[in-house]
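Novice: The following block contains the structure, expressed as structure tokens.
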Amino acid sequence: MKRLMIMLLAITSLLTALNLQAATTELRPGDLVQIKFPGESSFDKPFQLDHQGSINLPETGPLNLRGQSIGEARELIRATLAVIYRDLDNLDLVLMERRLSVIVLGYVKTPGPVDLPLRSNVQMAINHAGGLAQGAQLDKLQIRRNGKVIEFDYKHYLDSGNLAVLPKLQPMDTIFVPASPLIGNVQVEFDARTLTASGDAGEGDTAIKVFGEVHRPGTFAFKGTPSVMDMIMRAGGVTRYAGIEQIRVIHNGQPFPFNMREYLDTGNQALLPEILEGDTIFIPQASDQVQGGARTVYVMGEVFKPGAMEMKEESSFYDLLATAGGPTRFAETRQIRILRADGGVEPFDLQGYMDGQKRGKIPSINPGDAILVPEKSDMNEKSWLDIHPNRAIRIIGAVNRPGRYEWAPEMTLMDLIAHAGGPLAGADTAHLQVLTASHEKGKRHITESIPFDLKRFLDKGGDIRQIPRIHAGDTIVVPELPKDPNDNRSQWVRQSSERSIYIFGQVGAPGRYAFNDELNFLDILSAAQGPTARADLSNVRITHRGSGSDEVTHLNLHNYFHTGDETMLPVVSTEDVIFIPERDRAWLEKPKETVVRVLGAVQRPGRYSFDSNMTILDLLAEAGGPQNNALQDRIMVVNRIDGEAHSRLFDLVAFAKSGDYRMLPVLQAGDTLYVPSREQSNWHRFVSTLQESVTVISFAKLLGL
């Protein structure tokens, strides 16, 4: 029992001490506190002091608690919230966790403030800032605290793992990571490979500088007792252009020559100059003299090692080309030239020879000759001027890359079009033209134009021998499809009338259209956006101009739409004219032999188009039907038979009662249909005369006459 009492007293004392310590602990940035305010959910989550030592209270806003004890902060919060809230007796403030808030700047990936656990160190702070950036100087990191700067060697910590090297962090410390002086004042990618590519970061007056014709010139640290050969090897060795007989070692402004070739030939260590701290080693470029002689051959142009070389008796063209390193990737091996010592020029197609075509034989090379390997033509650099007309082909018009291209004997028309990027979407490939190179015929220069329907060949195939052969100097023209004259009237002149068809009248877009043998009447009608609502489809006319005659075809397009009979559609070709008239056009445009006249008591008397498929009922319906005063039992049909006029009577009322279609009179184009009115009957005239007489007598009696 006594032991239990002692334990309770100890626990009580500990809690009291903790409460006293918490009550006297000053709050600082990063601390995590909990405001206990029962009944208010907005205070359920803890609050963290920001870098200024403030928290953001609901409803009231920021409140600075930096340097306040828990008790002081509690009263300050209570006084602040009293403006908004009531009954704050149960409000309490508890310090939940102490945090370490620092700022990391300089050569780190994400500089800025970081929030850390209380016992964190410098490495943890740098990791929270994204780690060190390339080019950071590790041996001179700084901690800035209250106006003081604490410098420490972070590299030593990374090498040894000794935590004692790292200074302890305090809240609001600033960790600064400086940049290495080796990276200069320009931001660049910086790594070990970049550093060693120009030396090994040797610094100060003790470093050795190696430059000139070495693979990796730079500054190297002076280590041990290096020789000039050691320093050259550390710089990657000499290049193929180095003048190794003229190497210079400069010490205190005094040059000392070194003949590396002599040293390599003799191995004499006495030839090696002494290397001291701060020396400079320079390897100059070899200055070759013009080489000549009785057995000299020259290889020039796009080879890896151009120059003059001594040839042996058995040396061949391939031996000399291989000795020069062979052609580069920019070499035009089809146009190699052998420049003879006597002034002659001999071409050689190395590419064709390697492909097995073996045009000609391998040229023999004699002393004094020169082998010229030219550079490929680059269209982007406008070096097409280097291509002579006797080995060039032009392609112009509607292709993706028109221009002047180098020609080879095995090249076909399809190869050239493909090399030019293919035709554009608006290319008229059905009328491609090949203009052959001019040649003399008698005393005239003749250029032939060879047409080729590339579209048909691509769509349906055919004999490959039908493709025109092309030669150097030829021109391929890919014409462009004509523009719509309704959209751009300045473009229609590009279209030849020999490749056009005309459509006028009641269509959506009348005009002149490109046409070929693969299109038909419906194609051109669709291209013109079809007939309008006012189109008279029963009287379509096609004038065939292309046939060389005055032939005109009449088409009843209504019948085609009703029957679908394809044989009714006429065959149209280029230069033909399609005319779709308007319904109810001026009657003067319709010959009297093609119409029927409707007169008398109808709704719309006039002239109407008529064909053998129509009856008198159709005609009356087209004219709007008889009027109310019409004598429908006395309709007259007037026509001419063998030059004599005849009339027939038609009783529409009797037909309506019987429904006997045999009663319908036969109508033909040119006839006249007359529907009389009641005013024109004899009985109506008699009654009208009688009424007028009675009216006169009554008026006379009224006047007392």
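The values are calculated or read from the model by the stated rules, or taken from the named source; none is laboratory data. What you see is a predicted model, and the numbers here were worked out from it, not measured in a lab. Here Cβ is always computed from backbone atoms with ideal geometry, including for glycine, and neighbour counts include all displayed protein chains. Ligands, DNA and RNA are stripped out before the accessible areas are found, and what is left, the full protein with its side chains, is counted by its heavy atoms. Shrake-Rupley method; radii C 1.70, N 1.55, O 1.52, S 1.80 Å.
Novice: Residue by residue through region 504-554, note down the ones that are touching a Ser or Thr at 6+ places or on another chain (Cβ under 6 Å), open to solvent by less than 50 Å² (accessible area, probe 1.4 Å), closer than 22 Å to GLU566 by Cβ and not in a loop (DSSP other than H, G, I, E, B). Show your work before the answer.
Specialist: Keep residues of region 504-554 that are touching a Ser or Thr at 6+ places or on another chain (Cβ under 6 Å), which gives 506, 512, 515, 542, 546, 552.
Those left that are additionally open to solvent by less than 50 Å² (accessible area, probe 1.4 Å): 506, 512, 515, 542, 546.
Subsequent filtering for residues that are closer than 22 Å to GLU566 by Cβ retains 515, 542, 546.
Once the filter is applied, which keeps residues that are touching a Ser or Thr at 6+ places or on another chain (Cβ under 6 Å), open to solvent by less than 50 Å² (accessible area, probe 1.4 Å), closer than 22 Å to GLU566 by Cβ and not in a loop (DSSP other than H, G, I, E, B), region 504-554 yields only ILE542.
Novice: List every residue pair whose Cβ atoms lie under 8 Å apart, where the two residues are 6 or more positions apart in sequence or sit on different chains, the first residue falls within region 296-321 and is farther than 15 Å from ARG337 by Cα and free of Cβ contacts under 8 Å to residues at least 24 places away in the same chain, and the second residue, located anywhere, is open to solvent by 80 Å² or more (accessible area, probe 1.4 Å) and of a type in the set (A, V, I, L, M, F, W, C).
Specialist: Qualifying pairs under 8 Å: ALA308/VAL290.
Novice: Identify the residue in region 458-493 that is under 30 Å from ILE503 (Cβ atoms), hydrophobic (A, V, I, L, M, F, W, C) and open to solvent by 30 Å² or more (accessible area, probe 1.4 Å) and, among all such residues, is modelled with the highest pLDDT.
Specialist: Checking each candidate, the answer is VAL477.
Novice: I want to confirm something. Restricting to region 628-646 and keeping residues that are in a strand (DSSP E or B) and in contact with a Ser or Thr (Cβ under 9 Å, 6 or more places away or on another chain), which single residue is nearest to VAL602 (Cα to Cα)?
Specialist: Kept after step one, since they are in a strand (DSSP E or B), are these residues of region 628-646: 630, 635-641, 644-646.
Checking which are in contact with a Ser or Thr (Cβ under 9 Å, 6 or more places away or on another chain) leaves us with 630, 636-639.
Values: ALA630: 8, MET636: 13, VAL637: 14, VAL638: 16, ASN639: 19 Å.
Top of the filtered list is ALA630.
Novice: Another one. For a quick check of your reading: which strands (runs of 3 or more DSSP E) sit entirely within region 246-329 and have at least 2 residues that are among the hydroxyl-bearing types (Ser, Thr, Tyr)? Give the steps one after another, and end with the answer.
Specialist: Numbers: elements: 247-251, 254-258, 280-283, 296-301, 307-310.
Here the list reads 296-301.
Novice: Could you please find all residues in region 647-677 being farther than 26 Å from ASN539 by Cα, touching a Lys or Arg at 6+ places or on another chain (Cβ under 7 Å) and part of a strand (DSSP E or B)?
Specialist: Within region 647-677, just LEU649 meets the criteria.
Novice: If ASN185 satisfies all but one of (1) more than 44 Å from the chain's Cα centre (by Cα); (2) over 30 Å from ASP31 (Cα atoms); (3) of a type outside the set (Asp, Glu); (4) at pLDDT below 85, what's the number of the condition it fails?
Specialist: All conditions pass for ASN185, except number (1).
Novice: Would you tally the residues in region 402-418 being part of a helix (DSSP H, G or I) and open to solvent by 20 Å² or more (accessible area, probe 1.4 Å)? First the steps, then the outcome.
Specialist: Filtering region 402-418 down to residues part of a helix (DSSP H, G or I) leaves 413-418.
Of the ones still in play, those that are also open to solvent by 20 Å² or more (accessible area, probe 1.4 Å) are 414-415, 418.
Selection size over region 402-418: 3.
Novice: Follow-up question, since we're still on this one. Mind listing just one residue for me: the one in region 188-208 that is open to solvent by 30 Å² or more (accessible area, probe 1.4 Å) and outside any loop (DSSP other than H, G, I, E, B) and, of those, modelled with the highest pLDDT?
Specialist: THR206
Novice: I need every pair where a residue in region 506-521 that is within 16 Å of ASP536 (Cα to Cα) has its Cβ under 8 Å from the Cβ of a residue that is surrounded by fewer than 17 Cβ atoms within 10 Å (Cβ to Cβ) and among the hydrophobic types (A, V, I, L, M, F, W, C), sequence separation at least 6 or different chains.
Specialist: Hits for this filter: PRO510/PHE504.
Novice: Could you give me the residue pairs with C-beta distances under 6 Å whose first residue belongs to region 559-580 and is small (Gly, Ala, Ser) and open to solvent by less than 30 Å² (accessible area, probe 1.4 Å), whose second residue is modelled with pLDDT under 85 and in a strand (DSSP E or B) wherever it lies, and which are 6+ apart or on separate chains?
Specialist: Partner pairs satisfying both residue conditions: none exist.
Novice: Let me ask another. Restricting attention to region 594-614, and to residues there that are open to solvent by 30 Å² or more (accessible area, probe 1.4 Å) and not in a loop (DSSP other than H, G, I, E, B), which single residue is farthest from LEU631 (Cα to Cα)?
Specialist: Kept after step one, since they are open to solvent by 30 Å² or more (accessible area, probe 1.4 Å), are these residues of region 594-614: 594, 597, 599-600, 603-605, 607, 609, 611-614.
When the remaining residues are screened for being not in a loop (DSSP other than H, G, I, E, B), the result is 594, 597, 599-600, 607, 609.
On the way: THR594: 27, ARG597: 18, LEU599: 13, GLY600: 10, ARG607: 21, SER609: 24 Å.
The extreme case among them is THR594.
Novice: Out of ASN64, ASN121, ASN56, ASN90, report the one residue that is free of Cβ contacts under 8 Å to residues at least 12 places away in the same chain and not charged (D, E, K, R). Working first, answer last.
Specialist: On the way: ASN64 fails: free of Cβ contacts under 8 Å to residues at least 12 places away in the same chain; ASN121 fails: free of Cβ contacts under 8 Å to residues at least 12 places away in the same chain; ASN90 fails: free of Cβ contacts under 8 Å to residues at least 12 places away in the same chain.
Testing whether each residue is free of Cβ contacts under 8 Å to residues at least 12 places away in the same chain and not charged (D, E, K, R) leaves just ASN56.
Novice: For LEU95, only one of the following conditions fails: (1) under 30 Å from PHE176 (Cβ atoms); (2) at pLDDT 80 or above; (3) open to solvent by 10 Å² or more (accessible area, probe 1.4 Å). What is its number?
Specialist: Of (1) under 30 Å from PHE176 (Cβ atoms); (2) at pLDDT 80 or above; (3) open to solvent by 10 Å² or more (accessible area, probe 1.4 Å), only one is false for LEU95: (1).
Novice: I've got another one for you. Show the residue pairs that are 6+ apart or on different chains and have beta-carbon atoms under 6 Å apart, the first residue being within region 666-684 and more than 13 Å from LEU617 (Cα to Cα), the second being modelled with pLDDT under 80 and open to solvent by less than 30 Å² (accessible area, probe 1.4 Å).
Specialist: Qualifying pairs under 6 Å: ALA669/PHE610.
Novice: Still on this structure: Hey, among the residues in region 108-127 that are open to solvent by 50 Å² or more (accessible area, probe 1.4 Å) and within 42 Å of the chain's Cα centre (by Cα), which one's nearest to GLY30 (Cα to Cα)?
Specialist: Let us first name the residues in region 108-127 that are open to solvent by 50 Å² or more (accessible area, probe 1.4 Å), namely 109-111, 113, 115, 117-119, 123-124, 127.
Still in the list and also within 42 Å of the chain's Cα centre (by Cα): 109-111.
Details: LYS109: 22, THR110: 19, PRO111: 18 Å.
Among those residues, the one meeting the criterion is PRO111.
Novice: Being among the polar types (S, T, N, Q) and either open to solvent by 70 Å² or more (accessible area, probe 1.4 Å) or within 30 Å of TYR157 (Cβ to Cβ) (or both) narrows it down to one residue among GLN48, GLN34; which is it? Step through it out loud before you land on a result.
Specialist: Values: GLN34 fails: either open to solvent by 70 Å² or more (accessible area, probe 1.4 Å) or within 30 Å of TYR157 (Cβ to Cβ) (or both).
Just one listed residue meets the conditions, GLN48.
Novice: Name the single residue, out of those in region 156-178 being open to solvent by less than 50 Å² (accessible area, probe 1.4 Å) and hydroxyl-bearing (Ser, Thr, Tyr), that is nearest to SER54 (Cα to Cα).
Specialist: Applying the filter and picking the extreme gives THR174.
Novice: Inside region 76-92, can you point out the residues that are open to solvent by 70 Å² or more (accessible area, probe 1.4 Å) and either in a strand (DSSP E or B) or within 17 Å of SER42 (Cβ to Cβ) (or both)? Spell out the reasoning first.
Specialist: Residues of region 76-92 open to solvent by 70 Å² or more (accessible area, probe 1.4 Å): 83-84, 86-87, 89-90.
Those that are open to solvent by 70 Å² or more (accessible area, probe 1.4 Å) and either in a strand (DSSP E or B) or within 17 Å of SER42 (Cβ to Cβ) (or both): VAL83, ILE84, ARG86, ASP87, ASN90.
Novice: A further question follows. Sort out which residues of region 630-648 are touching an Asp or Glu at 6+ places or on another chain (Cβ under 9 Å) and over 16 Å from VAL598 (Cβ atoms), and write them in order of number. Write out each step before concluding.
Specialist: First, the residues of region 630-648 that are touching an Asp or Glu at 6+ places or on another chain (Cβ under 9 Å): 632-635, 637-640.
If the condition is that a residue be touching an Asp or Glu at 6+ places or on another chain (Cβ under 9 Å) and over 16 Å from VAL598 (Cβ atoms), then ASP633, ARG640 are the ones that fit.
Novice: Could you look through region 134-155, keep only residues that are open to solvent by 30 Å² or more (accessible area, probe 1.4 Å) and touching a residue at least 40 places away in the same chain (Cβ under 8 Å), and pick out the one that is farthest from SER180 (Cα to Cα)?
Specialist: My answer is GLN134.
Novice: Of all the residues that make up region 652-674, how many are surrounded by 12 or more Cβ atoms within 10 Å (Cβ to Cβ) and polar (S, T, N, Q)?
Specialist: Counting residues in region 652-674 that are surrounded by 12 or more Cβ atoms within 10 Å (Cβ to Cβ) and polar (S, T, N, Q) gives 2.
Novice: On to the next question. Could we say that SER13 is closer than 19 Å to LEU81 by Cβ and either at pLDDT 80 or above or not in a loop (DSSP other than H, G, I, E, B) (or both) here?
Specialist: Numbers: closer than 19 Å to LEU81 by Cβ: no; either at pLDDT 80 or above or not in a loop (DSSP other than H, G, I, E, B) (or both): yes.
When the stated conditions are applied, SER13 does not pass them.
Novice: Mind listing just one residue for me: the one in region 615-627 that is in a helix (DSSP H, G or I) and of a type outside the set (Val, Ile, Thr) and, of those, surrounded by the fewest Cβ atoms within 10 Å (Cβ to Cβ)? Quick ask: steps written out before the conclusion?
Specialist: Filtering region 615-627 down to residues in a helix (DSSP H, G or I) leaves 616-622.
Restricting the remaining residues to those that are of a type outside the set (Val, Ile, Thr) gives 617-622.
On the way: LEU617: 14, ASP618: 14, LEU619: 19, LEU620: 21, ALA621: 11, GLU622: 17.
The extreme case among them is ALA621.
Novice: State all residues of region 299-322 that are hydroxyl-bearing (Ser, Thr, Tyr) and open to solvent by 80 Å² or more (accessible area, probe 1.4 Å); if no residue qualifies, say none.
Specialist: So the first thing to find is which residues in region 299-322 are hydroxyl-bearing (Ser, Thr, Tyr), and the list is 315-316, 318.
Within region 299-322, just TYR318 meets the criteria.
A quick yes/no check of all residues on (1) in contact with a His (Cβ under 7 Å, 6 or more places away or on another chain); (2) at pLDDT 90 or above; (3) surrounded by 15 or more Cβ atoms within 10 Å (Cβ to Cβ); (4) acidic (Asp, Glu):
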position	(1), (2), (3), (4)
GLU213	no, yes, yes, yes
GLY218	no, no, yes, no
ALA221	no, no, yes, no
ILE232	no, yes, yes, no
VAL238	no, yes, yes, no
GLU245	no, no, no, yes
ARG248	no, yes, yes, no
HIS251	no, no, yes, no
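Novice: Further question: Which of the residues belonging to region 386-401 are at pLDDT 85 or above, open to solvent by less than 70 Å² (accessible area, probe 1.4 Å) and outside any strand (DSSP E or B)?
Specialist: ALA398
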